[in-house]
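In what follows, a single structure is set out as C-alpha cells and then discussed.
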Amino acid sequence: MKAGGAEPRKLPLYPDRASPRWWVWVLVGAAIFVLAQAGVALTPQGGSVAVWWPAAGVSAWFILRNPRSNWASVALLEFVVTAAANAVAGRDVDVAFAFGFANAIEILVFAELVYRRQRAPFLLRSVQDAWRFMLAVLGGSALLGVLVAAAVAPHLDDVARIASHAAASHAAAILMIAPFAVLPPRIPRDVPWFELVAQATILGGVLIFLVLTGAGLPLTFLPVGILAWGAFQFPKRAAYVETIIVAVVLIGATVLGRGPFSAPDLSPDTRALLALAFVFMTASYTLFLTTVSYQLRANGLAARNYAELVTSGFVD
C-alpha cells in the first residue's frame, strides 16, 4: 500500500473492447454455420478429410474482437452453432455435440494464450507478437485435435489421421482470418497504382496457370514469391486478402480434381493433405512477413521522427 492509504493501481491484463451489437452476433453465428457446412464440402472427391475449415477462423476473429467478459458467450455461440451445423451435415448427435465442444474450447484456449499476461492491447506489431500469435494458434488447434480424436475414437479406426488433419485445417484457417482482429494502425506509404495492378495481374496469371494446366508440385510455390512482394509493399489487410484468395482458389481446384495437388497417382486424402500443407505454409509466411514489414516501417518512422525532433531542437 502506498503512502496516504491509496491502493496501487493494477494494469488490466486484457484490452478494453466495445461489445458488438446484437445483430453482429446474429451475422457471425450465421456465417459460422454456413462456413461449417462449406467446410464439409471442401473435401476432395472420394476423400474423407476437409482441406480447410474457415468457420474456425471466423470464430477466432470474433472472440478477439470481444472484451474478455464476452468470451464465455462467444464460446457458447460457437458450441451451439457448430454442433447444429454438424448435426445438419448428418453426423450423430453425440459426435456433433463433441465437435461443438471441441471448437468452443479451441477458441477459448487460443484467446487465453494470445492475451496471457498481456497488459496492453495485443496487435501484430513485431516478430515477437507474430510468434505469440502462432503459438496460440498451434496450442488451440492441438487441443482441438485431441478432443476430436476422443470424439471419433468410438466410431472410426484411423483416429490419429483425422484428428491431425482437423487440427491442421483449423490452424490454417485461424492464421488467415483471425489476424484481421489484431492488425495495428496502418503506417501511410505511397504505393504506385501500377505496381498494385502489376502484382495482382501476375498473381492472377500464376493462379490460372496452376489451375488450368495442372502444373507439377514444384511449380505450386510460384505464388509464394508474389505474396511476399505484396506482404512487404502493400498494407497488411491487402496481403491477407491476397493470401485468402490464393488459398480459396487452390483449395477449390483441389476439391474439383484440378490443379497441382490433383495428380492421378495421388489418393484423395493425400491431395487434401498437400493442399492443407500449402495453405498452412502460405498463411504462416504471410503472418511473419507482414509483421516484419510493419516492424521495419515503424522503426524507420520512429527514427525519422527522432531525427527531426533532435534537429529542430538544435536549430531552435
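What FRET efficiency comes out for the pair residue 76/residue 258, r = Cβ-Cβ distance, R0 = 35 Å, nearest 0.05? After rounding to 0.05, the efficiency reads 0.30. Only protein atoms count toward the accessible area here, which uses a 1.4 Å probe; on the chain, the carbon and sulfur part of that area reaches 68 percent. Extending 7 Å from the Cα toward the beta-carbon at both residue 288 and residue 19 defines two label points whose distance is 4.0 nm. Every helix of 4 or more DSSP H residues in the chain counts as -39500 (n - 2.57), and over all residues that averages to -24000 deg cm²/dmol at 222 nm. Tell me, rounded to the nearest percent, the portion of alpha carbon pairs in the stretch 202-253 spaced more than 17 Å apart. Counting every Cα pair in the stretch 202-253, those more than 17 Å apart make up 31 percent. Between 193, 229, 52, which gets the highest mean-square fluctuation from a Gaussian network model of the chain, Cα cutoff 10 Å? Result for the chain, Cα springs under 10 Å: 193 fluctuates most. Rolling a 1.4 Å probe across the protein heavy atoms gives the stretch 110-256 an accessible surface of 45 Å² per residue. Summarising the overall dimensions of the chain from its C-alpha atoms, the Rg and Dmax are 21.9, 79 angstrom. In this structure, the amide hydrogen of residue 89, modeled 1.01 Å from its nitrogen in the peptide plane, lies closer than 5 angstrom to no residue at least 5 positions away or on a different chain. Dividing the Cα radius of gyration of the stretch 67-213 by its Kirkwood radius returns 1.08 for Rg/Rh. Comparing mean-square fluctuations of 109, 74, 24 from a GNM of the chain with C-alpha springs under 10 Å, the top value falls on 24.
Residue separation of residue 153 and residue 40 scaled by 0.36 nm, minus their Cα-Cα distance, works out to 38.7 nm of gained length.
State which helices in the chain qualify, where a helix is a whole DSSP H run, it must extend 24 Å or more along its own axis by its Cα atoms, and its mean Kyte-Doolittle hydropathy must be at least -1.0.
On the way: long enough: 22-41 (29 Å, 1.90); 71-88 (25 Å, 1.59); 93-114 (32 Å, 1.78); 127-152 (37 Å, 1.58); 159-177 (27 Å, 1.33); 193-213 (30 Å, 1.89); 236-255 (28 Å, 1.53); 268-315 (70 Å, 0.64).
Passing helices, by number: 22-41, 71-88, 93-114, 127-152, 159-177, 193-213, 236-255, 268-315.
Here the stretch 68-85 and the stretch 241-256 have alpha carbon centers that stand 27 Å from each other.
With R₀ set to 30 Å, the beta-carbon distance separating residue 311 from residue 131 gives a calculated FRET efficiency near 0.25.
For a quick protection proxy, order the peptides 159-168, 88-97 by their average other-Cβ count within 10 Å, most packed first.
Working: 159-168: 19.6, 88-97: 14.5.
Top to bottom by mean Cβ count within 10 Å: 159-168, 88-97.
Comparing 158, 129, 269 in a Gaussian network model of the chain, where Cα atoms under 10 Å apart are tied by springs, the biggest mean-square fluctuation is seen for 158. Once Rg and the Kirkwood radius are both taken over the C-alpha atoms of the stretch 111-163, their ratio Rg/Rh works out to 1.20.
In this rough spin-label picture, where each label sits 7 Å from Cα along the Cβ direction, the residue 233-residue 301 distance is 2.1 nm.
The values are calculated or read from the model by the stated rules, or taken from the named source; none is laboratory data. In this text the structure is predicted, and so the values were computed from the model without any measurement. Every residue, glycine among them, receives a Cβ derived from its backbone with ideal geometry; neighbour counts consider all protein chains shown. In case anyone asks, the SASA skips ligands and DNA or RNA and just uses the protein heavy atoms, side chains included. Shrake-Rupley method; radii C 1.70, N 1.55, O 1.52, S 1.80 Å.
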